[in-house]
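The block underneath contains the structure these notes are about, expressed in C-alpha cells.
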Amino acid sequence: MRVIVVGAGSAGSVIAARLSEDPDVEVELIECGPDYANIAATPFDLVNGHRNSMRDHDWGFEYFPTENRPLPLPRGRVTGGSSAVNTTIALRGVPEDFDEWASLGCPQWGWRDVLPAFNRLERDLDFGTAAYHGDAGPISIRRYRDDELLPQHAAFMASADRLGYPYAPDANDPDAWGASPHPLNKLGRVRISTAVGYLSAARIRQNLTISAETRVLRLILDGDRATGVVVETSDGISERRADLVVLSAGALMSPMILMHSGLGPREVLESVGISCVRHVPGVGANLRDHPAVTVNARVKDPSIVDLDQPLMQTILRYTAAGSEKRNDLQIEQISYSGVDSFPIAAVLEYTFGAGVLTPVDADPRTPPKIENRFCEHPTDLERLALALRDTLAFVEDGPLSDLVDEVLFPDRSRGVDLDSLKTICRKRAASGYHPCGTVKMGDRADPMAVVDQRGRFLNVDGLVVADASIMPTVPRANTNLTSIMIGERVGEWLRTERTSYV
Ligand SMILES: Cc1cc2nc3c(=O)[nH]c(=O)nc-3n(C[C@H](O)[C@H](O)[C@H](O)COP(=O)(O)OP(=O)(O)OC[C@H]3O[C@@H](n4cnc5c(N)ncnc54)[C@H](O)[C@@H]3O)c2cc1C
C-alpha cells in the first residue's frame, strides 16, 4: 500500500513516522519547504528555540484580524512545519476542550481518549511520572526553574502572587490554574520540532521518502476517490499516485488544496473560477484562533532586555470573571519587544466567534484571503477586554510595575473602563498564531462537518485530513501539542486499522 502525506508539519511528520513503522506501507511525505537531514545541517533560526523564526522559513501569509488592515500571519515552510519555527510553548488544552469535541459529534476525542496520545508524544522532564504525563516520547518538555527566570518573569510571578493568583507548578496538570513556569519543548535552546523528535528517527526507514521542495497544487480525483496529487517542483508539474492521500498541510493550506481540487462551498469556488466537484460548505469556514492584545511597557533598566534570552518563560491561565469556561484566558509575560521594552499579552483562549478563509483566484499558488473576525462575538469582546484589564493590573503596581518606566500601550489617559478597553480590542486584537478549524471534523449529520472523527473525508474515498484544520473548536492552549496529538491518533489508526481507510 502506498500513502502520500501532504505537509511535514506538527501533524504530518508524526503521521509519516507512525505509519512507516509498518514496513508493508510505502509512505511519501511531501513538503513544500526544505528538509534538513540533521541538526548540524539545520539553520540557526530553526535550531534556536529561544525565539520564533518568522522570515527565513515562512509562507508570507497575511490576515485580516478585524476590519482593520492586514497583518503578517507566520506559518512554517520546512520539514517540522510550524513546530520548526514556533515559540516552543508546550501547553495542553483543558480536559473540557476535548469533552466538548466529543459532544460535537466526535465521541472518540473526549479527554480520556486523547490523554494516552498526549502522554505518548512527550518526555516531560519535570513531571514525567505523573499519571497524566509521559516520560518516554519524542518531544522533550521542561520548565525553567525559579533561579533561571529573567527579572521580568520573576517579577511577573511575584505580581501574580500579589494579585491573588495561585502558583501552579505544572500548567499541564489537568486541574491546574494560576501562574506557572511555561512547559517548553526545547532542550537548552534547541527546539524539539516534529522534524527533530519524529523524523530524525524515522528518516532512515527504507519505506519512507521525504520529498522536500515539492508543492502540492491539487488532488487527483477519480470519481468518488482521491488517487494522488498534482505537484510542482523545480522540474515542473507532475503527478504522484497513491492508494491513500493524507492532507496535513495545516489550517490554512489543507482547505486551500481541497478548494483548488473543487471540494468546497460551491458559490465561493465558482466566484473565483474554480469548478465545483462537490459542494462542501464547511471547507474554509469555522476559522478559529486565539485573539490577543498586548500591553507594551518601556523598562527602567534596558539591560534586562536581552534579545538572545528566551522569549517566553511564564504563563498565567485563569478564568474570566463570571465565565463558565474554565481557563478561558491567558496572560503571557514576553521577555522583550524591542531594545528597551517588553509586552504582556492578554489572550482569549475560549472563543465563540469564527472567521473564514477563501481563495482569491483559481491559481493554487495565490495565498488565501484570511478573515478572522475577531471580537465580533460580544462574549469574545467582553472577555478579551476583561483580560486586558487584568493584564494592566500587572503594570499598575507591584513587582512587575517596579521594573517599568512607562506603559507605552495602551495610552491609559484615554480611559481604562471596560468600554474603552473594548474599543481597543476591536481595533487591535491580533492572532495568537493558532489558526485551526477550517476542515472541521464532526458527525455526518452536521452540514458543516468536512471529515469524520477518524479524519476521513465525507463523500470522497481515499482521502484523509489530519492537522489543526480538523479541530472543531480551538483548545484553551497553544495549538502545537494538540496538532501533534492529532497526528499521533490518526497515524495510529492508519497503521492499525488501515482497511477502514482505503
Ligand atoms: C511563529 C509561530 C509561533 C507559534 N508558537 C507556538 C507555540 O509556542 N506553542 C504552540 O503550541 N503553538 C505555536 N504555534 C502554533 C503551532 O505551531 C501550530 O498550531 C501547529 O504547528 C500546526 O500544526 P499543523 O500540522 O496543523 O500545521 P503545520 O505545522 O503548519 O504544517 C503544515 C505543513 O504543510 C506544508 N505545506 C503546506 N501547504 C503545502 C503544499 N501545498 N504542498 C506541500 N506542503 C505544504 C507546510 O510547509 C508545513 O510544513 C506557533 C505558530 C507559529 C507560526
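The values are calculated or read from the model by the stated rules, or taken from the named source; none is laboratory data. Bear in mind that the values here come from a model prediction, so they are computed numbers and not experimental data. Virtual Cβ from ideal backbone geometry, glycine too; neighbours counted across all protein chains shown. Quick note on the areas: whole protein, heavy atoms, side chains included, nothing else; ligands and nucleic acids left out. Shrake-Rupley method; radii C 1.70, N 1.55, O 1.52, S 1.80 Å.
One line per residue, one yes/no per condition, for (1) in contact (Cβ under 8 Å) with a residue 12 or more places away in the chain; (2) surrounded by fewer than 17 Cβ atoms within 10 Å (Cβ to Cβ); (3) among the acidic types (D, E):
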| site | (1), (2), (3) |
| --- | --- |
| N119 | yes, no, no |
| T129 | no, yes, no |
| G134 | yes, no, no |
| M157 | yes, no, no |
| R162 | yes, yes, no |
| A168 | yes, no, no |
| W177 | yes, no, no |
| D224 | yes, yes, yes |
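Scanning the stretch 433-452 for residues that are within 16 Å of the ligand (Cβ to nearest atom) and in a loop (DSSP other than H, G, I, E, B) yields Y433, H434, P435, G437, T438, V439, K440, V450. Every test in (1) within 16 Å of the ligand (Cβ to nearest atom); (2) closer than 30 Å to V360 by Cβ is passed by E67 save one, and that test is (1). Checking each residue in the stretch 258-272 for being in a helix (DSSP H, G or I) and open to solvent by 10 Å² or more (accessible area, probe 1.4 Å) picks out H260, R266, E267, V268, E270, S271. Test D56 against the criterion of being out of contact with any His (no Cβ under 8 Å at 6 or more places or on another chain), under 22 Å from E488 (Cβ atoms) and open to solvent by 30 Å² or more (accessible area, probe 1.4 Å), and give yes or no. Here the answer is no, as D56 does not meet what is asked. For the stretch 75-109, the set of residues classified as in a loop (DSSP other than H, G, I, E, B), within 13 Å of the ligand (Cβ to nearest atom) and open to solvent by less than 20 Å² (accessible area, probe 1.4 Å) consists of V78, T79, G80, V85, T88, A90, L91, R92, G93, listed by residue number. Residues that are closer than 14 Å to T209 by Cα, buried (at least 17 other Cβ atoms within 10 Å of the Cβ) and aliphatic (A, V, I, L, M) were ranked within the stretch 15-53; the one that is nearest to the ligand (Cβ to nearest atom) is I30. The set of residues from the stretch 120-145 being of a type in the set (S, T, Y) and either in contact with a His (Cβ under 7 Å, 6 or more places away or on another chain) or farther than 17 Å from V196 by Cβ (or both) comprises T129, Y132, Y144. When the criteria are applied in full, E213 meets the requirement of being in a loop (DSSP other than H, G, I, E, B) and within 14 Å of the ligand (Cβ to nearest atom). Scan the stretch 1-52 for residues that are in contact with a strand residue (DSSP E or B) (Cβ under 6 Å, 6 or more places away or on another chain) and of a type in the set (K, R) and the total you get is 1.
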